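The values are calculated or read from the model by the stated rules, or taken from the named source; none is laboratory data. What you are looking at is a predicted structure, and each value in this text was computed from that prediction instead of being measured. Heads up, the Cβs are rebuilt from the backbone with ideal geometry, glycines too, and the neighbour counts pull from every protein chain shown.
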Amino acid sequence: MNGRQSISIAVLSEHQDDVELINSALRDAGHAAHCHWTANPTRLADTLAAEMVELLILNSDSYPDSIRQVVKQKDRYNPEVPVIVMQENAEEADIESAMRSGACDLVSIGLKKRLQSVVSRELRALRVERALNSTLQSATEYKKHLKDHMATSASSYALVQEGIFTDVNDAWLKQFKIKERDELLGLPVMDYFEAESQAALKGALIATIAGKWQRDEKLIVKTHIDTGDAEELHLEFRKIDLEDGPNVQIRIAQQLKVAEEPTKLVHDALKRDPTTLFFHRAQFLERVAKRLKRKPASGTHCLVYIKPDKFSDVRDKVGIIRSEEILAQFAEVVRKRMQPRDVAGRFEGTSLMVLLERGSARDAQVWGKQLIDHLESVTFEVGDTSTQMTCTVGACGANEVFESLEDFVAAAVSAYRLGKEEGGNTSYLSEAADEDTKQREFDAIWVKHLKAALMDNRFRLAQLPIAGLRSDSIQMYDLLVRMIDEQNNSVLPSEFIPAAERNNMMKNIDRWMLTAAMDFCAKNDADRVFVRLSRQSLTDPSTAAWIQQKLDESEFDCSRLVVQIPETDAAKHIKQTRALVKHTRQLGIGFALEHYGVDRDRFQILDILKPDYIKIDGELMHTLMTDESMQAAVKRIVAAAQSREIKTIAERVENANAMAVLFQLGLDFMQGHYVHEPEVVLQHNESDVINTTLDELTAAQAT
């Protein structure tokens, strides 16, 4: 109590001197007291009715009513106001008796300091109680307004606490075809959503409570209703603080449905195969041709040719007519593993073809391998007959070696045939581009472009922010490289990196990247930047010494730099990796393993190399949202990393569903287009340091 706020006190005594005594005592304690002298019970009623009294002080030796009578009279007007009793001498037994009668305390009239302390204590308690009551009242009113809004809203709302429904509105009941609210309240939210959506939904609920879910973000889920139908819903989440603790408000967002003319619907339907619902061959190839004319947002175009193995056996088992239903179910398995930008078609017979946008052709092969692995757990049923199935996948990355769409398609089909010759049930990557003599001609052109870009300083640094799933306290960026051609167009790494790798030029690009990263840190507030090293830099004995020399020249804060190496390269060159990591760690540089996979528990490499970070392979993001076995595998990796104090980062996070699953699985960070598109940050005329370095690199290349 600081005494600046005036205290309204009712003094109950027949002697006015008691008023002056109390006034003086409180004034000495720093309280500005305003006392209302009350000599009899009738005046007390008037005082309590007219004044905002905060405290009653009763001289029990000189007032007609007893303590209990005063308390009863006070309670009719304001029960929370405390009563302090004074008398000439207060013994322990007297204090106990006064408190049993409803007083807060009993004070001897001569003990001035104790009176001051008791008054301060009771006023503080009163004001805390009033603040609490006000907060509870506000929360109650807020909850009432919330319930009123939910009740009158046409949108479907639910309140959820710790995964359990605590309230829903009528629109929600109608949406899920539930008659009574009591049928839903107290039940787990997960019971009303498909298994493939549950991990993302759980993650979204946890993220919302943690304040990590954006208000305008939508989660796409599938739900089932009592008819057995599945429906896709877009959910919005909001944290609501109520008196019983934090709740999550779930709202089913309106999905705009544009009315289409029947003629257009018919035309669209005619473009698709009625069994697989993928495009007919002609329509598919038309779309592929259009896609190939433009560059993907990142990575490269990949074509996969998919065909079930021994489908004739399936046909014999289920029958000719019903085998189409099996093919439809197979196509649905493929569709669930596609991303929004992918496009698929029924190519011929039982074969399907999908155009993927991935980081590299190797990613397309991994996608095919994951499809094959998933089929091991899938049972296809039609009528009372069930069967299982395998498939073979041929994958090929788009490349300027292919002069036409015909060549591109033929390469994918050829890869499939090679996989079939090996026994099927495999994902085979086309090596046509490497084997073709045109590749050497193609590389010769790229080598000229790369040397010219080094000479003319036409490389650019691009930043890809790494966002915290648990905390945003650290600003981290994955640094990427872009090349500018002679027409000032940006060239993606997927176009020039393969040629640089085949022609031993990656070391020069790596060193440009490291120098540019230091320059980036000097101009920005980045706490940490990640720079990847190629296999060539990893196996070059001079890399560590070169890094130390550059750091010494620039007096760079090494703790801001993290070098990252693909797990496959690190495992293949474990001796060189250990040596490089040991040297860089002595300088204070961090180390990350990227593209860390889940096809087997490879924790030994974590114990050998002791990375600061591991990046979960971005290819896993394609199916992580719906594949429970993959979620379990990632969770094991996260647990292994946490036990070793290693931070985990998810690559290529594309949407809110993926973010929600990652949050639920316990990852620390994420990067990808959902977080931010790569942004070019270093211009060609910004740094003399970069120009000097490029001259050195060009000279090194010429030797």
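Determine, yes or no, whether Glu594 is of a type outside the set (Gly, Ala, Ser) and free of Cβ contacts under 8 Å to residues at least 40 places away in the same chain. No; evaluated as a whole, the condition is false for this residue. Looking at region 642-655, which of the residues that are touching a helix residue (DSSP H, G or I) at 6+ places or on another chain (Cβ under 9 Å) and surrounded by 23 or more Cβ atoms within 10 Å (Cβ to Cβ) is farthest from Val366 (Cα to Cα)? In this case the residue turns out to be Thr648. Of the numbered criteria (1) part of a loop (DSSP other than H, G, I, E, B); (2) buried (at least 22 other Cβ atoms within 10 Å of the Cβ), the one Val531 fails is (1).
Selection within region 472-519: residues that are of a type in the set (D, E, K, R) and part of a helix (DSSP H, G or I). The member of this set that is surrounded by the fewest Cβ atoms within 10 Å (Cβ to Cβ) is Glu501.
Put simply, of Thr300, Thr350 the only residue that is at pLDDT below 90 and hydroxyl-bearing (Ser, Thr, Tyr) is Thr300.
Would you please name the residue that is farthest from Asn504 (Cα to Cα), looking only at residues in region 545-556 that are surrounded by fewer than 19 Cβ atoms within 10 Å (Cβ to Cβ), out of contact with any Ser or Thr (no Cβ under 7 Å at 6 or more places or on another chain) and not aromatic (Phe, Trp, Tyr)? Step by step, filter region 545-556, then rank; the result is Glu555.
Does region 185-205 contain at least one residue that is assigned to a strand (DSSP E or B), loosely packed, with under 15 Cβ neighbours inside 10 Å and in contact with a helix residue (DSSP H, G or I) (Cβ under 6 Å, 6 or more places away or on another chain)?
Checking region 185-205: not a single residue is assigned to a strand (DSSP E or B), loosely packed, with under 15 Cβ neighbours inside 10 Å and in contact with a helix residue (DSSP H, G or I) (Cβ under 6 Å, 6 or more places away or on another chain).
Among the residues of region 665-703, those identified as modelled with pLDDT of 90 or more and not aliphatic (A, V, I, L, M) are Gly666, Asp668, Phe669, Gln671.
In this structure, Ile206 does satisfy being at pLDDT 90 or above and closer than 30 Å to Val333 by Cβ. Quick check on region 235-255. Is at least one of its residues within 24 Å of Phe330 (Cα to Cα), modelled with pLDDT of 85 or more, surrounded by 11 or more Cβ atoms within 10 Å (Cβ to Cβ) and not assigned by TED's automatic domain parsing to the domain that holds Ala658? So far as region 235-255 goes, no, none of its residues is within 24 Å of Phe330 (Cα to Cα), modelled with pLDDT of 85 or more, surrounded by 11 or more Cβ atoms within 10 Å (Cβ to Cβ) and not assigned by TED's automatic domain parsing to the domain that holds Ala658.
Filtered by the rule that a residue be of a type in the set (S, T, N, Q) and closer than 25 Å to Gly368 by Cα, region 582-641 gives Thr623, Thr626, Ser629, Gln631.
Look at (1) over 23 Å from Tyr674 (Cα atoms); (2) part of a loop (DSSP other than H, G, I, E, B) and you find that Ala545 fails only one, number (2). Annotation: of all residues in region 77-122 being out of contact with any Ser or Thr (no Cβ under 6 Å at 6 or more places or on another chain) and among the β-branched types (Val, Ile, Thr), the one that is surrounded by the most Cβ atoms within 10 Å (Cβ to Cβ) is Val119. I'd like to know if region 34-53 contains one or more residues that are surrounded by 19 or more Cβ atoms within 10 Å (Cβ to Cβ), under 30 Å from Glu243 (Cβ atoms), within 56 Å of the chain's Cα centre (by Cα) and in contact (Cβ under 8 Å) with a residue 12 or more places away in the chain. Checked region 34-53: at least one residue is surrounded by 19 or more Cβ atoms within 10 Å (Cβ to Cβ), under 30 Å from Glu243 (Cβ atoms), within 56 Å of the chain's Cα centre (by Cα) and in contact (Cβ under 8 Å) with a residue 12 or more places away in the chain. Considering region 152-171, and only residues there that are out of contact with any Ser or Thr (no Cβ under 9 Å at 6 or more places or on another chain) and part of a strand (DSSP E or B), the residue that is surrounded by the fewest Cβ atoms within 10 Å (Cβ to Cβ) turns out to be Ile164. Among residues of region 471-494 that are in contact (Cβ under 8 Å) with a residue 40 or more places away in the chain and at positive phi, none has a beta-carbon under 8 Å from a residue that is surrounded by 13 or more Cβ atoms within 10 Å (Cβ to Cβ) and assigned to a strand (DSSP E or B) at least six positions away or on a different chain.
For beta carbons closer than 7 Å, sequence separation of 6+ or different chains, a first residue in region 532-560 that is under 13 Å from Gly590 (Cβ atoms) and a second that is surrounded by fewer than 17 Cβ atoms within 10 Å (Cβ to Cβ), the qualifying pairs are Cys558/Leu587; Cys558/Gly588; Ser559/Gly588; Arg560/Asp527.
Taken as a whole, region 72-91 holds no residue that is assigned by TED's automatic domain parsing to the domain that holds Arg130, part of a helix (DSSP H, G or I) and among the aliphatic types (A, V, I, L, M). Does at least one position in region 572-586 carry a residue that is of a type in the set (A, V, I, L, M, F, W, C), closer than 19 Å to Ser537 by Cβ and either touching a Lys or Arg at 6+ places or on another chain (Cβ under 9 Å) or not in a helix (DSSP H, G or I) (or both)? Taking every residue of region 572-586 in turn, at least one turns out to be of a type in the set (A, V, I, L, M, F, W, C), closer than 19 Å to Ser537 by Cβ and either touching a Lys or Arg at 6+ places or on another chain (Cβ under 9 Å) or not in a helix (DSSP H, G or I) (or both).
Summed over region 309-337, residues that are within 36 Å of the chain's Cα centre (by Cα) and within 20 Å of Ala364 (Cα to Cα) total 8.
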